[in-house]
Structures are given as C-alpha cells and as structure tokens.
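Values quoted throughout were computed directly from the atomic coordinates according to the rules given, and no laboratory measurement underlies them. Because the structure is predicted, anything quoted here is derived from the model rather than measured. With ideal geometry, Cβ positions are generated from the backbone for all residues, glycine too; neighbour counts draw on all protein chains shown.
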Amino acid sequence: MPIRVHDVVNHDASLVSRKAWSDPHLYELEKRGIFGHAWLFLAHTSQLPNLGDFVQAYMCETPIIVTHGNDGNIHALINSCSHRGLPVCRADRGNAKSFVCPYHNWNYSVEGSLQAIPQEQHLEGRTDRSLLGLKRVPRVEQWNGMIFGSFDEEIEPLDDYLGDMRWYLDAFFGRFPKGIEFIGSPQRWVIDANWKLPVENQLGDVNHGPFLHAAVIPPEANAEVFELGRSVVTAPGHGATFRLMPEGAPLEQVAWGFEGMASLLAPEVHDYLREVQARAIESVGPLRSRMKGLTYGVFPNLSFLWSNTAFKVSHPRGPGKVEYWSWSVVPADAPDAFKRILRGNHTAFFGPGGILEQEDSEAWTQQRIGSEIDFADDRPYYYGLGLNEEKPDPELPGLVGVTANEFYARNFFLRWRDALAAVEDEA
Ligand code: FES
Ligand SMILES: [Fe+2]
C-alpha cells in the first residue's frame, strides 16, 4: 500500500515524516500535484533582449526552451522533438533562426511550429505539420521581467499567485531605476539531496547561519539577525526574511551591497550604493527602505538570496537528487566594475564551489541520508519551533514572526500536503 499523504504531515505540520524526503510514490505525487499546477520560474527578460534569443529552463524534470519569438512574444516550448523525442536545442542560450533536431533534421521555428520535414522530398504524401510543433507550455506570464510558466491551463494569474510576495520582491527590484539583469547562464550542479531542503533553507531558515556557517559569518552579523530579523509568510510556501533596520540607522548599515564586501569596493561603487539607498525612501517607501534582505522563497522552488544577489531554482531529479541552478543578478544600472564584483561574490559564496553553498549542500546531503535510514520511521522530523507565535503585523503584509520560528516551513508543508492529497486518488 502506498503511504497516504495525511500520514506524512500532521494537522499543524509540526511533524513531517522522513518519507516526505525519500519516498518514490510521494515524489510522483509531487510532480503531478505541485509541478503540474504551480507557476514555475523560467527566466528573466534581460536574458532575451533580441528576437530569436533563447535560454534553456526546466519545469521539474521537463526540459524547456524559452524563446523571444519573431512575433515579439515570449514562448515556452518543451525541448523534445515530435518525431522521436530528442532535444532539438542543445545550447544553454543563444540566438536562433530555427531549431533543427539532430536525428532526422526536422526543423522548428523559434515560436515552436514545425516548418520542415526533410524526408518529405522523397515521399508523395504531405504530413499535416500543424499538430506537430513543439509542445507549448500552456500558460506563460511575466512579473517585473521574471518569466514563469505553468502546465495548468486553469491556474490563477501570476500576479494573484505571487500576491503580497510582490511587495517584498519589489523592496529589492524597486530600488534600481533600470531594474535588475541576470548575468550569463546560470551555474548548474547536482546535489545528492531532496529538492525541498534547499527550498526550506532559503524560505526562512536563517537560523542555521550562526551554527553551520560559524567559521564564515561574523558574530556581529548573526547578532543583527537575532535582534532585527523578521520572518514573513505572505501565503503558504511564499516567504521572506530580512532585517528591519532602526529608523535613523546610518546609511551604510542599511544599504544593500556593503555587507561583507565594503573593502572590495572602489570609491565610486560606495557612492553608487549610498545613492541607491538615499533614493530608496522615494522608490520603495520609508518602511521598505529599512529592509535589509536575507532570503526569499516563492512556492514551490524559487529562491532569492538578497545579500549575495543569487536567484536559485531547485529542480527535482528524483527523491534523492536535485539539480540546482543559480543565477547572478545585478542592478542593470550599476557600474560594470561593481557587476563583476557581484558576480564574483555570488560564485564565491553560492556558486557550486561557494563556501556557504558547500556547507549547506553537505548538510542537505546528510539530511537525505537521514531520511532513508531504517528503523526510524516512527521518528518524524520536528517542525514545531515557535508554534502559533507568528502574528499579523500592522505594517508588514502576511504573518510575521522572529526568525527562529519555523512557521515558514510548517506553511510550506501544509500547502505541500494539500497539493499532493488533491491528486493522490487520481488514477
Ligand atoms: S527525432 Fe527529431 S527529427 Fe527524428
Ligand atoms: Fe546556509
């Protein structure tokens, strides 16, 4: 008998079975119940400025090509030939006139329609090509340059799905008059871990910082998180952590960009960062100008590390493997020298060999092993820290708690449980 979803997460999600991280049947339910029905992050418009530009993406395990069509629209196409299923695009990104499958050279437009079947020149009949284009992702929408796709034709609009997370995301995006840009291709690597632990880690688990990262993160930075840190859940599975700096705090203590990097920055970069912060009261308002971000998560598998400007997607590859993608993100109007420093900072801390990334991924791998051990099924993981201590806030949207409160993870697992339960009795 397959395990029942309501036996995996208890009523308030204070207990979550180890099976959630290791069971192949639950993994299949995740694919259908979550990845078949959510908005999934694909790319950023700064990666596709010209007609014919494309980048690769994934929706769970399904390979996607995101293209800027000659019709001016953004398209998301499943990267699999209608003839025998080969990927028709092998490059991570580029500019294409068409996609040609390597096996028999069927030729597809960048908007996905099938344009030519070379074998037909030797045949009498003509195939109806209109139904043989690359399969399209049925819903594609953008918010603030972030492109998302969904396999669910009936899903709510992206704006509604993101809801109040937009207010928090804009606390960063809204600071820069020309927005942000993604640099180059993402760094991609595979970790022997379940996809949900990187997500949980960045949805709100800043509490491991002083412990797992004790050698790297200075004590005063940790003290700032304990004293001024806030954790917010805008909707189950969406969350943000940040420090709300005191009113009147010196500019350099609040400003994004100085943290840990001040000595690397040339004087003109200091001037740029001060200027961004000085403008923040107007651009994002007095409250959000005091926000010094830590980590964000958007259900199900997108995260954003504000201090190191990393966008990450945790792509499942089975219950025990994750393919992690990480993009370096920079303000579009920043000086070039600063963009290079930011990219180096992203890689040094959160690239595949990044010092914090290595510590995290070792923990995630050990958790995966812990989730597979025998004779421990009666010991679910404890998610009860701070149970019911979170509250609405007069100023901040969502439920708000201290960062030690694990309500971000409980809310994630309640949404996870309901999404899986909705499909568990389907044939
Ligand atoms: S598999 Fe693509 S053309 Fe035959
Ligand atoms: Fe970490």
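So the values come out like this:
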item: Semi-axis lengths, Å, the chain, gyration tensor of Cα atoms, sqrt of 5 times eigenvalues; result: 37, 29, 19
item: Per principal axis, descending, Cα span of the stretch 40-142 in whole Å; result: 45, 27, 23
item: Between 0 and 90°, nearest 10: helix 355-370 axis offset from the chain longest Cα axis; result: 70
item: Ratio of Rg to Rh over the stretch 192-251 (Cα coordinates, Kirkwood Rh, two decimals); result: 1.04
item: Cβ-based charge dipole, the chain, positive-most Cα from ILE355, TRP195, GLN367; result: ILE355
item: Loop trypsin sites (Lys or Arg not before Pro), the stretch 51-120 (other Cβ atoms within 10 Å of the site Cβ: 15 or fewer; DSSP); result: ARG84, ARG90, LYS97
item: Relative contact order (%) - criterion: Cα under 8 Å, at least six apart; region: the stretch 40-142; result: 22
item: Sequence-separation-based contact order of the chain, relative, with Cα cut under 8 Å and 6+ spacing, percent; result: 23
item: Label-to-label distance, nm, for residues given as ASP159 and ASP378 (7 Å Cα→Cβ offset); result: 5.4
item: Residue exposure sequence - MET261, MET165 - by fewest surrounding Cβ within 10 Å; result: MET261, MET165
item: Sites ASN105 and LEU414, calculated FRET efficiency, Cβ-Cβ separation with R0 56 Å, nearest 0.05; result: 0.70
item: C-alpha long axis of helix 336-350 to longest principal axis of the chain, angle in °; result: 90
item: Selection of GluC sites (Glu not before Pro), the stretch 138-212, meeting DSSP coil and at most 12 other Cβ within 10 Å; result: GLU153, GLU154
item: Integer Hz, Karplus 6.51/-1.76/1.60 couplings in order for the stretch 373-379, x for Gly and Pro; result: 6, 7, 6, 10, 4, 7, 10
item: Chain lengthening between ARG4 and LEU228 when straightened (0.36 nm per residue, less Cα-Cα); result: 76.6 nm
item: Simple Cβ-charge dipole of the stretch 166-233, Lys/Arg +1 and Asp/Glu -1, about Cα centre, in debye nearest 20; result: 320
